[in-house]
Amino acid sequence: MNNTQEKASILLIYTGGTIGMIENPETGVLESFNFQHLADNVPELKKLGHHVETYQFDPPMDSSAMGPDSWTKIVHIIAENYQKFDGFVVLHGTDTMSYTASALSFMLENLSKPVILTGSQLPVGMLRTDGKENLITAIEIAAAKENGVPVVPEVCIFFENELMRGNRTSKTSADNFNAFRSYNYPPLAHVGIHIKYDTAQIYRPISRKPLRPHYLLDRNVAILKLFPGIPPSVVESILNIPGLKGVVMETFGSGNAPMDDWFLAMLKDAVQRGLVIVNITQCRAGSVEMHRYETGKKLLDAGVISGYDSTTESAVTKLMFLFGHGLTSEEVKEHLNCSLIGEITLPPSQR
Ligand code: ASP
């Protein structure tokens, strides 16, 4: 593809995380530092030829402390600066980056400009840092245009050598530079000597509508991870959390679970009370297929719905987003059976 290198305006939003951290000489602990330090450590930023402005979270946040309030803050920053910039790079801690990317993909409806999240495993001030390359390439991707149109009008994570659809990613390594994977959707670009975009995989807005930012999220959701021998008390206490609206249930294989009567009865009761229970697999790759085995079929009969090949991160934030808009359980279930922004692969019969 012939991507133009015309000068672009990029807003770099520094939320925090290792990429902007420095070692406290006294304690040896990594602490956030002023963004000015990042610019000092990456003089290449000036050489890029793009116009880069920065916005810094004050104080910068470790991503393990981020959640709906920070996602809303990022959406506000992007929406308020949407006309002024060609693309956005969000520097973010890696720990919860996939949750933020998933949430942003739902909250930025009709996005037609790149929003590229990246971070690093080693602070940018360290000799062997992965932060510099990640940052510089993320800016290049956010700036890329073809015939004046952004090449990647999606919320993505760029890390190490792959550009991935944000709501398809999970953090899979606590120490490798290659820390993220998108198991159920191909990378949108491979980055080596060249940035090779796979345009067929990149989301294309059907019509050009103005950005519609959403700010409402409901955090009354929970994750129920099954394991062999799970006691009834654990399932019961989760399904009876006061005010709970949605549960992401992580099952085995293609969506299977124990067939004990007590288990199925608890699920059925919860669904009848209006709880939405989404079935996703604990396997890294592949999809839930509840018609495949009898145990999956029993879950269907109990009113559990399929999360298809969703990541946990995407299923949790999708529930928060849908309930945040005051939808009823039935309406939420309908939306869970649709791909809102490429977060799930529906079977051909449902497309
Ligand atoms: N704890 C850090 C964070 O997620 C780790 C990182 O940035 O990679 O904010």
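Considering only Asn110, Asn279, Asn167, the mean-square fluctuation computed in a Gaussian network model of the chain, springs between alpha carbons under 10 angstrom, is largest for Asn110. Around the Cα centre of the chain, unit charges on the Cβ atoms of Lys, Arg, Asp and Glu (plus for the first two, minus for the last two) sum to a dipole of about 880 debye.
Ligands, DNA and RNA are left out, and with a 1.4 angstrom probe the accessible area of region 204-351 is 49 Å² per residue. Normalised per residue, the accessible area of region 1-136 is 43 Å², obtained with a 1.4 Å probe and no contribution from ligands, DNA or RNA. Under the rule a/c < 1.5 gives rounded, and otherwise a/b versus b/c splits prolate from oblate, where does region 228-302 land using the Cα gyration tensor? Because a/c hits 1.5 or more and a/b exceeds b/c, region 228-302 counts as prolate. Comparing Gly93, Gly148, Gly125 in a Gaussian network model of the chain (Cα springs below 10 Å), the most mobile by mean-square fluctuation is Gly148.
If you sort the three axes of the alpha carbon gyration tensor as a ≥ b ≥ c, you get a/c of 1.5 or more for region 210-351 and a/b no higher than b/c, which makes it oblate. Here the accessible area of region 69-136 is 49 percent carbon and sulfur, with a 1.4 angstrom probe and all protein chains present.
Counting lysine pairs in region 209-299 whose alpha carbons fall under 28 angstrom apart, excluding pairs fewer than 8 residues apart on the same chain, gives 9. Shown here for region 245-291: trypsin sites (Lys or Arg not before Pro) in loop regions (DSSP other than H, G, I, E, B) with at most 14 other Cβ atoms within 10 Å, namely Arg273, Arg284.
Partners of Lys333 within straight-line reach, counting aspartates and glutamates whose Cα lies under 16 Å from its Cα and excluding those fewer than 8 residues away in the same chain: Asp218, Asp301, Asp309, Glu343. Only protein atoms count toward the accessible area here, which uses a 1.4 Å probe; on region 181-297, the carbon and sulfur part of that area reaches 55 percent. For region 181-220, trypsin sites (Lys or Arg not before Pro) meeting the loop criterion (DSSP other than H, G, I, E, B) and having at most 12 other Cβ atoms within 10 Å: Arg208.
Starting from the Cα gyration tensor of region 11-89, take the square roots of the eigenvalues, sort them a ≥ b ≥ c, and report rounded, prolate or oblate (rounded when a/c is under 1.5, otherwise prolate if a/b is larger than b/c, else oblate). Since a/c reaches 1.5 but b/c is at least a/b, the shape of region 11-89 is classed as oblate. Think of each Lys and Arg Cβ as +1 and each Asp and Glu Cβ as -1; about the Cα centre, that makes the dipole of region 173-263 roughly 780 debye.
Largest mean-square fluctuation among Asn184, Asn240, Asn220, in a Gaussian network model of the chain whose springs join Cα atoms under 10 Å apart, belongs to Asn240.
Overall dimensions of the chain, expressed as equivalent-ellipsoid semi-axes from the Cα gyration tensor (√(5λ), whole Å, largest first), are 37, 22, 18. Listed by chain and number, the aspartates and glutamates placed with their C-alpha closer than 12 angstrom to that of Lys113 are Asp86, Glu154; residues fewer than eight positions away on the same chain are left out. Taking amide H positions as modeled 1.01 Å from N, with prolines and chain starts lacking one, the residues under 5 Å from Leu224 and 5 or more places away or on another chain are Val248, Met249, Glu250. The sum of -39500 (n - 2.57) across all DSSP H runs of n ≥ 4, divided by the residue count of the chain, sets its helix-only mean residue ellipticity at 222 nm to -8000 deg cm²/dmol.
The values are calculated or read from the model by the stated rules, or taken from the named source; none is laboratory data. Everything quoted here is computed from the prediction, not taken from an experiment. When we count neighbours, we look across all protein chains shown, and the Cβ atoms used for this are built from the backbone with ideal geometry, even at glycine. Heavy atoms of the whole protein, side chains included, go into the accessibility calculation; ligands, DNA and RNA do not. Shrake-Rupley method; radii C 1.70, N 1.55, O 1.52, S 1.80 Å.
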